[in-house]
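Contents: one structure, followed by commentary.
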Amino acid sequence: MALIAIAADKGSPGVTTTAVALAAVWPRRSLLAETDPAGGDLVYRSAAAHGGQLNPNIGMLSIAATARRGLVPDQLWDHVQPLSGGLDVLVGLGNAEQATGLVGLWPTLGHAFSSLADSPHQAADVIADCGRIAGDTPAAELFPHAALVLLVSRTEPEALARVRDRAAALTAKLHGGPRGAAALGTPLIGILLIADPGNSAKLVNQVNDMLVHSQAGARVVGTIADDPAGAEQLAGRRRGRLEKSLLIRSARKVTADLYQQYGTAWTVAAQANQGGHPGQHGPAQQAGQGHAGAGR
């Protein structure tokens, strides 16, 4: 089971940039799902594999009609479009008004996303861009099905205070109350800091100390480089060797660290859920191939 839900508390810390970067370098086949109820961005910014525009009607919008009759994980592929370069994407809603079509379906989507990792046909881990979350966002109904919930934050004092409080609120909702570092619940709530690489190690220690002291039930799992040039390359708006960018190098380290710590547990959980028959995972996406939106 590997649904990775990525979200932020407030502002524009780079949730979409982070989600695209992680999906592009994920160690196994990945599916990038734009699940922000406010609407997605990739359809406006990214070229499809055929060179034209992505179809805004194929993705979360088309799933809204299908899922009411039930949703088998492999049916997700009927609503997927490949970006230029090969990254598979489930295009987000066009606007917040369209989210009414998904009312009551978010748990169904969460189950399908988490189960796709062990499909015997086209297995993939789902990286879900949930956008900004508040207490009543329907995208939070995906979180109980996730292996990991990642909260993206910048490093200004007010941003760190908000992500601490959001982590504590999610811990109370998902795990039933405050937790220290030795009693982190499942799904794990992780913090990804958008930071200057030169100062990241010291900052991670400081933020983790804050999280433990506040019993927020979360910890920092890595840092994504604050790299505007790399984000422009990832979006296809700037030329250059994306695989050498600080953004992609930091995303590779995050994914490697996550899989070193949790990959085995995710695989075992998936096999247990499906009667011990592991799925056949396709090749990992290669950074620099897809031109995906990276603005939020």
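The numbers here are math on the coordinates, done by the rules we state, and not lab data. Just so you know, these numbers come straight off a predicted model, no measurement behind them. Cβ coordinates were reconstructed from backbone atoms using ideal geometry, including for glycine residues, and neighbour counts include every protein chain displayed.
Go ahead and estimate [θ] at 222 nm for the chain from helices alone: -39,500 (n - 2.57) per DSSP H run with n ≥ 4, summed, over the residue count, rounded to 500.
-9500 deg cm²/dmol
In percent, what relative contact order does segment 3-273 have, based on Cα pairs under 8 Å that are 6 or more apart in sequence?
After rounding, I find 23 percent.
How many angstrom lie between the C-alpha centres of segment 135-154 and segment 199-255?
When both Cα centres are located, 18 Å separates them.
Taking Lys253 as the anchor, which lysines have their alpha carbon closer than 16 Å to its alpha carbon, excluding any fewer than eight residues away along the same chain?
Hits, sequence-local ones excluded: Lys244.
Normalised by the residues of segment 60-108, what does the relative contact order come to in percent, with Cα pairs under 8 Å and at least six apart?
About 47 percent, as a whole number.
Under the rule of at least 5 residues apart or a separate chain, name every residue whose amide H is placed under 5 Å from the amide H of Leu188.
Val149
Starting from the amide H of Ala123, placed 1.01 Å from N in the peptide plane, find each other amide H under 5 Å away whose residue is 5 or more places distant or on another chain.
Correct list: Gln280, Gly282.
Where in segment 63-98 does the label zone of His50 land, with the point 7 angstrom along Cα→C-beta and an amide N cut-off under 14 Å?
80-84
How much length, in nm to one decimal, is gained on full extension between Arg241 and Gln261, taken as 0.36 nm per residue of separation minus their Cα-Cα distance?
Roughly 4.3 nm would be gained on extension.
At a Förster distance of 30 Å, what's the computed FRET efficiency of Asp74 paired with Val103, Cβ-Cβ distance as r, to 0.05?
Here the calculated transfer efficiency is 0.80.
Based only on the alpha carbon positions, what is the Kirkwood hydrodynamic radius of segment 3-273, in angstrom?
Every distinct Cα pair counted, the radius reaches 18.7 Å.
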